[in-house]
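Scroll down for the structure; my scribbles are underneath it.
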Amino acid sequence: MAETNRVLTATSRVFVPTYWQPVDVLARFISIVVLLPVVVWLGHSLITRPPGSAASVDYSVVAQTSAQGSTFVVRDTTIEPGGAIGWHWHSGAVVAVVKRGMLQHFRSDCTVDAYGPGESFAEPSGSDHVHDGRNLGPGPVLLEVIYVVPSGTPLAQAHNPPPECR
């Protein structure tokens, strides 16, 4: 229950809730003016999900094994509409096939290749071969990717986009 202050007049008693006190009204107004834009900005950020955000890409390991100093991984990657994997490179061999949707593949020289269902591509290894995969279409992109990387290394290394591709 709200706390009230009693305001007495010559003719009657009036109970004024605390939240109507002039100082409280001003404080609430300032809070709303300051906090509302922050809340709107955060909500917009969460709804629109910028490209490369983790929320727009899902990974599912199908199979994994290691032998002779290498790790072999088969992984499904789903990129939601408007999503992107983010600029990265691999320390080993990578072969991918598009199972559904249309993948836009951005290379380190800023060229863009498009791959549709049933099409495959290979990624060269090394930090000089940065690239990004994006879904600019209306439905999800599903990739099945095979990685052969040195044991103990990650499947991909994040990298800044090449300056000429920004």
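All of the numbers you see were taken from the coordinates with simple rules; none came from a lab. It should be emphasised that the depicted structure is a prediction, and the values quoted were computed from it without experimental measurement. Using ideal geometry, Cβ is built from the backbone for each residue, glycine included, and neighbour counts are taken over all protein chains shown.
Here the 3J(HN,Hα) profile of the range 91-105, calculated from phi with Karplus coefficients 6.51, -1.76 and 1.60 at θ = phi - 60°, is 8, x, 6, 9, 10, 10, 10, 7, 9, 7, x, 10, 8, 9, 10 Hz, Gly and Pro shown as x.
Rounded to the nearest 20 debye, the dipole magnitude of the range 51-166 is 140 debye, with +1 charges on Lys and Arg beta carbons, -1 on Asp and Glu beta carbons, and the Cα centre as origin. The amide H of Arg100, built 1.01 Å from its N in the peptide plane, has Leu142 as neighbours under 5 Å, considering only residues 5 or more places off or on other chains. Rounded, prolate or oblate: which fits the range 54-165, taking a ≥ b ≥ c as square roots of the Cα gyration tensor eigenvalues, rounded meaning a/c under 1.5, else prolate when a/b beats b/c? It comes out oblate by the Cα gyration axes.
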